[in-house]
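Coordinate-derived values only; no laboratory data. All values reported here derive from a predicted model rather than from experimental measurement. Using ideal geometry, Cβ is built from the backbone for each residue, glycine included, and neighbour counts are taken over all protein chains shown.
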Amino acid sequence: MVAPGEPANKSEYVRTMFTRIAHRYDLMNALMTGGRHHAWRRMTADTLRAAPAGPVLDLATGTGDLALAIRRARPADTVVGADFSEGMLREAAAKLGRRGERRVPLVAADALALPFRDRTFAAVTSAFLLRNLADLSRGIAEMRRVTKPGGLVVTLEITRPRIPGWDGLFGFYFHRIVPAVGSVVAGDRAAYAYLPDSVDRFVSPQGLADLMRRTGLGDVHYRRLGLGTIALHVGVA
Ligand SMILES: C[S@@+](CC[C@H](N)C(=O)[O-])C[C@H]1O[C@@H](n2cnc3c(N)ncnc32)[C@H](O)[C@@H]1O
């Protein structure tokens, strides 16, 4: 069933949208966050220091920034980058090539039906994926399925802040300014209007933590970053 306000075929809508904006994706991230997104990725990668040794899956790797941050945090481990957008994978491949990074194999894969065996990875991460999924429970279940027992499932997602006054300002920035910048810089107002709408429709950080627990993950906890606009969740498989 399609939730109110959601695109009808959400997976296809999301896949084609990211392929459309892939060439401007990094620039838009830099502009929208003032470059802060790299710090959030570093913090996400740092949580993996608590995971067992072994390969990591960065799901919805996009242009590969989190996979690169994880490689820096875990130089001994391979990081598989998976995504279902050809355009994003092309940008990731070009970036990895420019950096001479050979231990981030890229795989075309749908997060809702991962082409990996159960218990393959020491940790599975996703940054800014979850609100794009047509079936959130299934996405979390797939992340857990391919993680080894004792390994970590780590997610990073945008969330509405709760600080009075700041929430309104953030809403104005996100709903008014971001689509206008997206229109000029990426030539795609629709994609950058979908972004704040998808955040508004997404579950709260507490709701996501509850869902992760119901999916069988243990020791689930989260913290807010970026003045409450980002939530970093961790669970143990
Ligand atoms: C907002 S981007 C985030 C990219 C990257 N993780 C980052 O931090 O910049 C969302 C990514 O999720 C991917 N994605 C969305 N739904 C997906 C799915 N069902 N399976 C695989 N990738 C998906 C998109 O193609 C896109 O690259």
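Would you mind computing the Rg to Rh ratio of the range 104-237 from its alpha-carbon coordinates, Kirkwood style for Rh?
Reported Rg/Rh, Kirkwood definition of Rh: 1.01.
Given the DSSP H assignment, sum -39500 (n - 2.57) over each helix run of at least 4 residues in the chain and divide by its residue total; what's the result at 222 nm in deg cm²/dmol, nearest 500?
-13000 deg cm²/dmol
HN-Hα J couplings of the range 151-164 from phi, Karplus 6.51/-1.76/1.60, θ = phi - 60°, integer Hz, Gly and Pro as x?
After applying 6.51 cos²θ - 1.76 cosθ + 1.60, I find x, 10, 10, 10, 10, 10, 8, 7, 9, 6, x, 10, 6, x Hz.
Towards the positive end of the charge dipole of the range 1-137, with charges on Cβ (+1 Lys, Arg; -1 Asp, Glu), say which of Pro7, Thr120, Ala76 has the farthest Cα.
Projecting each Cα onto the dipole axis, the largest value belongs to Ala76.
Taking the Cα centre of each part, how many Å lie between the range 154-198 and the range 43-96?
25
Charges only on Cβ, +1 for Lys and Arg, -1 for Asp and Glu: so what's the dipole of the chain about the Cα centre, in debye to the nearest 20?
560
Evaluate the Kirkwood expression for the hydrodynamic radius of the chain, namely the inverse of the mean inverse distance over all pairs of different C-alpha atoms, and round to one decimal in Å.
Evaluated on the chain, it is 17.9 Å.
In the chain, with Lys and Arg counted as +1 and Asp and Glu as -1 at Cβ, which of these residues, Gly182, Gly226, Tyr25, has the Cα nearest the positive end of the dipole, that is, farthest along it?
The Cα lying farthest towards the positive end belongs to Gly226.
Hey, if you put +1 on the Cβ of every Lys and Arg and -1 on every Asp and Glu Cβ in the chain, which of Gly165, Ala93, Ala111 ends up farthest toward the positive end of that dipole?
Ala93
Using only the Cα atoms of the range 23-88, build the gyration tensor, take square roots of its eigenvalues as a ≥ b ≥ c, and label the shape rounded, prolate or oblate: rounded if a/c is under 1.5, else prolate if a/b is larger than b/c, else oblate.
oblate
Output ³J(HN,Hα) for the range 17-27: one whole-Hz value per residue in order, computed from phi by the Karplus curve 6.51 cos²θ - 1.76 cosθ + 1.60 with θ = phi - 60°, and x for Gly and Pro.
5, 5, 5, 4, 9, 3, 5, 10, 4, 5, 4
Work out the FRET efficiency for Ala76 and Ala108 from their Cβ-Cβ distance, taking R0 = 41 Å, and round it to the nearest 0.05.
Computed FRET efficiency for Ala76 and Ala108: 0.95.
Testing the spin-label approximation: label points 7 Å from Cα along Cα→Cβ at Arg201 and Asp46. State their distance in nm.
Distance between the two pseudo-spin positions: 3.4 nm.
Of the residues Gly182, Gly100, Gly218, which exhibits the maximal mean-square fluctuation in a Gaussian network model of the chain defined by a 10 Å Cα contact cut-off?
Judging by the Gaussian network model, the answer is Gly100.
So between Arg90 and Thr16, what do we pick up on full extension, going 0.36 nm a residue minus the alpha carbon distance?
Residue separation times 0.36 nm, minus the Cα-Cα distance, leaves 25.3 nm.
Please report, in debye to the nearest 20, how large the charge dipole of the range 1-58 is about its Cα centre when each Lys and Arg carries +1 at its beta carbon and each Asp and Glu carries -1 there.
In total the dipole reaches around 140 debye.
Arranged by the count of other C-beta atoms within 10 angstrom, fewest first, what order do Ile21, Ile70, Ile140 take?
Fewest-to-most Cβ neighbours within 10 Å comes out as Ile21, Ile140, Ile70.
Please report, in debye to the nearest 20, how large the charge dipole of the range 76-200 is about its Cα centre when each Lys and Arg carries +1 at its beta carbon and each Asp and Glu carries -1 there.
Using only the charged Cβ atoms, the result is roughly 380 debye.
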